[in-house]
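Okay, structure first, notes after.
The values are calculated or read from the model by the stated rules, or taken from the named source; none is laboratory data. Everything numeric in this text was worked out from a predicted model, so none of it was measured. Methodologically, a virtual Cβ is constructed for each residue, glycine included, from the backbone with ideal geometry; neighbour enumeration extends over all protein chains shown. The protein model used for the area step is the full one, side chains on, heavy atoms only, and it has no ligands, DNA or RNA in it. Shrake-Rupley method; radii C 1.70, N 1.55, O 1.52, S 1.80 Å.
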Amino acid sequence: MSLLRSLRFCLVPRPGSCQVGPLLLQSPQPWHTFHAGPWLSSSASSKELLMKLRRRTGYSFVNCKKALETCGGDLKQAESWLHKQAQKEGWSKAARLHGRKTKEGLIGLLQEGNTTVLVEVNCETDFVSRNLKFQQLVQQVALGTLLHCQSLKDQLSTYSKGFLNSSELSELPAGREREGCLKDQLALAIGKLGENMTLKRAAWVKVPAGFYVGSYVHGAMHSPSLHNLVLGKYGALVICETSEQKANLEDLGRRLGQHVVGMAPLSVGSLDDEPGGEAETKMLSQPYLLDPSITLGQYVQPQGVSVVDFVRFECGEGKEAAEAE
């Protein structure tokens, strides 16, 4: 079934109806420079320290044991040492894998207050896109983009929208609780999962009172650790202007986002434009995805909102679309 048809028949995705399979957590391979040493005894305290370091970092027993030996049993230093070694390994793998095509991956949509961000992170295979470690990377990128957008001190009289390309995204700080930039987190993920990955792009929207951002992610699944992050293969934001807060705005915004994902318009257009057919690229003149007997403009007009802008991401789409934005 085509994307457009599946959207028409999946207006309200049923819980669990778009599952992409179990999340697989891969154990990182031990670094070649690691060798078990004599520092850790069989005492209960030593074993407890080793278990604690493993729980905090997720690295193998061999790696954690080597870290504790190297740092004389200091837990904090051992954790820092592990991350540095992992980063070295990640950058080494990233250099070897550079150039391999990354057409799979995930779109991440994160909303907080008056700010909404859409990010795309790519990998080589759909198998890795279902991995928890990869999804955590998408979460870090979404959070980094959100913090960047929130740090922009602008007085909003109307909505603002911006885009970040791959290199700009890579240089964003990794977040409040992580050192370095997002490119460092990318290297760590490459080291752990063994595939080439790219931070492809991000978009952000901030709105003042009187505006609303509708959103939709196709094939949606929620992040296991961040309830307001949604992951999928297609995502859309639709910016609407409304004179009053309406009870059905969330549902309306989702329907509009669903239309943008399914019909892929290139511009908003005007309510005065003539109705078009399936090939129409102006959003308001397109046949409404869920009722092709009317245009989207005819559906929106009685709702008391005005569509002013939108953003659409499709995972793995060509460079041309990204450059056009």
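In this view, the solvent-accessible surface of Lys183, computed with a 1.4 Å probe and all protein chains in place, comes to about 70 Å². At an R0 of 35 angstrom, the distance between the Cβ atoms of Leu132 and Glu274 translates into a FRET efficiency of 0.10. Between Arg56 and Ser267, the modelled labels are 5.7 nm apart [label points 7 Å from Cα along Cα→Cβ]. The simple spin-label model puts a point 7 Å past each Cα toward its Cβ; for Arg100 and Ser306 those points are separated by 5.1 nm.
Relative to one another, the C-alpha centroids of segment 104-145 and segment 198-235 are positioned 9 Å apart. Only aspartates and glutamates eight or more places from Lys84 in sequence, or on another chain, were considered; those with a Cα closer than 18 Å are Glu69, Asp74, Glu177, Glu179, Asp184. Assign one of three labels to segment 97-242, namely rounded, prolate or oblate, based on the Cα gyration tensor with a ≥ b ≥ c the square roots of its eigenvalues; rounded applies when a/c is under 1.5, prolate when it is not and a/b is larger than b/c, and oblate otherwise. It is prolate, given that a/c is not under 1.5 and a/b is the larger ratio. Debye calculation, C-alpha points only, no solvent: report log10 I(q)/I(0) for segment 166-325 at q = 0.14, 0.16, 0.20 Å⁻¹, in the same order as the q values. The Debye formula, applied to the Cα set alone, gives -0.82, -1.00, -1.34. For the pairs Lys161/Lys282; Lys101/Lys282; Lys76/Lys183; Lys66/Lys103; Lys101/Lys153; Lys192/Lys233, note any where the Cα-Cα span goes beyond 30 Å. Beyond 30 Å: Lys101/Lys282; Lys66/Lys103; Lys101/Lys153.
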